[in-house]
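Peer 1: Take this structure first; my questions come after.
The values are calculated or read from the model by the stated rules, or taken from the named source; none is laboratory data. Here the structure is a predicted model, which means the values were calculated and not measured. When we count neighbours, we look across all protein chains shown, and the Cβ atoms used for this are built from the backbone with ideal geometry, even at glycine. Areas reflect the complete protein model, heavy atoms only, side chains present, ligands, DNA and RNA absent. Shrake-Rupley method; radii C 1.70, N 1.55, O 1.52, S 1.80 Å.
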Amino acid sequence: MKKALVILFDKVEELEAVAPIDILRRAGVDVTTASLHDELQIVGRSGIAMDCDELFDEARGSFYDAIILPGGPGTYEHIGFEPLLKALKDQHDAGRLVAAICAAPLLLEEAGILEGRKCTAHTSVIGKLKNCDSSAPVVTDGNVI
């Protein structure tokens, strides 16, 4: 069975988190949700509380076929969070899927994953990313979505 890690944090865009989790689980993927905080519960940008399966520190040592980063205003609070950037880089370098939604491609950029790759993102961050196609709703380049 395929395994995916969805990383959650306070002020995440709830729909960008819940929709991929739901779709992947319906497709038979073993999805683990991980909180970037010291608590399992996170509160999204619209005030919706969500309970995660594990803390990121516990989850990051496991193997995943895909790591998914929803976006939202909380993305900016994790710029410079080295354990997250390292986990993303390691996943990418191993040739496994890395996906980022909305503003989350900023973290892929910071991890050095987007160098020479095409991408798209929310209009608020497009100008901060190279090779960004603002007209595309989804861009896949190698193992990066």
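Peer 1: Considering the stretch 41-58 alone, what residues qualify as being open to solvent by 90 Å² or more (accessible area, probe 1.4 Å) and within 16 Å of the chain's Cα centre (by Cα)?
Peer 2: Arg45, Asp57
Condition check ((1) of a type outside the set (A, V, I, L, M); (2) open to solvent by less than 20 Å² (accessible area, probe 1.4 Å); (3) at pLDDT below 95; (4) closer than 17 Å to Ile79 by Cβ) across all residues:
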site	(1), (2), (3), (4)
Gly127	yes, no, yes, yes
Lys130	yes, no, yes, yes
Asp133	yes, no, yes, no
Ile145	no, no, no, no
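Peer 1: Which ranges mark the strands (runs of 3 or more DSSP E) fully within the stretch 7-85 that have 1 or more residues being of a type in the set (D, E, K, R) and modelled with pLDDT of 95 or more? Walk me through it before giving the result.
Peer 2: Numbers: elements: 30-35, 41-43, 49-51, 66-69.
Correct list: 30-35, 49-51.
Peer 1: Are any residues in the stretch 88-105 open to solvent by 20 Å² or more (accessible area, probe 1.4 Å) and assigned to a helix (DSSP H, G or I), and if so, which ones?
Peer 2: Listed by number, the residues that qualify are Lys89, Asp90, His92, Asp93.
Peer 1: Of the residues Thr140, Thr123, which is open to solvent by 30 Å² or more (accessible area, probe 1.4 Å), closer than 24 Å to Gly28 by Cα and either free of Cβ contacts under 8 Å to residues at least 12 places away in the same chain or touching a Leu at 6+ places or on another chain (Cβ under 7 Å) (or both)?
Peer 2: Checking each option against the conditions leaves just Thr140.
Peer 1: Given Arg60, Arg25, which one is basic (Lys, Arg) and touching a Leu at 6+ places or on another chain (Cβ under 9 Å)?
Peer 2: Details: Arg25 fails: touching a Leu at 6+ places or on another chain (Cβ under 9 Å).
Going through Arg60, Arg25 in turn, just one is basic (Lys, Arg) and touching a Leu at 6+ places or on another chain (Cβ under 9 Å): Arg60.
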